[in-house]
1. For segment 14-106, please list each of the helices (runs of 4 or more DSSP H) lying entirely inside it that holds at least 1 residues being surrounded by 23 or more Cβ atoms within 10 Å (Cβ to Cβ) and basic (Lys, Arg).
2. Scan segment 78-111 for residues that are under 17 Å from Val128 (Cα atoms) and without any contact (Cβ under 8 Å) to a residue 60 or more places away in the chain and jot them down.
3. Scan segment 107-140 residue by residue and report those that are in a helix (DSSP H, G or I) and not β-branched (Val, Ile, Thr).
Amino acid sequence: MNSVSNLPSRTEALNTLREIGCSESVINHSLLVTKIAMEIASSISRRRSVNLHLVEIGGLLHDIGRSTTHGVRHGLVGSEILEKLDYPHTLVQLVRNHVGAGIPHEEAKALGLRPTDYLPTTVEEKVVCYADKLVSGSNGVTFEEALKSFENLGPRHPAIARFRALHQELVELTGGTINGTGTRRENPSGKRRQVPD
């Protein structure tokens with residue numbers, strides 16, 4: 001598989017997660033991330049081009065590296081797994097760049113990762129990265145709840161500003177239809193709730 005048109009189907013992606021050894025909790029998390037990512041991407045697609053299939057498959061496979069590690073390296077490990085499976089480069093990059101709100105070169109080096117940027121750059125990468133932060137385990141969380149998890153890194157950690165900027169960019173790309181713009185989404189219990197900014 002070497003082009004975006006060669007992305008696996010949803011069923012193939014789920015089978016790959018199971019074959020690689022991802023737990024059902026990782027798969028359930030990935031399913032909810034995918035649902036949220038698709039809602040955001042669908043809203044963006046009304047204004048600009050978005051590869052919805054890449055968002056869907058990226059959402060499903062973003063945590064494939066958790067079959068090996070649950071640490072900060074899981075994005076890099078996941079990208080290496082997908083490279084070995086000959087998946088498209090765009091998917092490999094999406095999986096590699098979804099950790100945190102992206103990790104710049106110097107932070108990557110300090111974390112013991114290969115010294116390069118792990119920053120989401122495409123709309124599809126940004127959508128999956130952001131949607132991943134709106135899910136804790138297999139439960140949906142608000143932007144504020146997700147932001148609090150970043151604050152555990154320290155009150156002035158640069159990841160906080162990156163996550164805020166990512167949030168703002170996606171709010172603008174959707175025309176204000178996510179988090180804090182008067183829209184509602186379902187939480188995993190099936191009840192509807194207002195999602196604050």
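1. Numbers: elements: 24-44, 52-61, 74-84, 89-96.
Result: 89-96.
2. Across segment 78-111, the qualifying residues are Gly78, Ser79, Leu82, Val92, Gln93, Leu94, Val95, Arg96, Asn97, His98, Val99, Ile103.
3. Kept after step one, since they are in a helix (DSSP H, G or I), are these residues of segment 107-140: 107-110, 123-133.
Answer for segment 107-140, where residues must be in a helix (DSSP H, G or I) and not β-branched (Val, Ile, Thr): Glu107, Ala108, Lys109, Ala110, Glu124, Glu125, Lys126, Cys129, Tyr130, Ala131, Asp132, Lys133.
Values quoted throughout were computed directly from the atomic coordinates according to the rules given, and no laboratory measurement underlies them. Here the structure is a predicted model, which means the values were calculated and not measured. For neighbour counting, all protein chains shown are included, and Cβ atoms are generated from backbone atoms with ideal geometry for every residue, glycine included.
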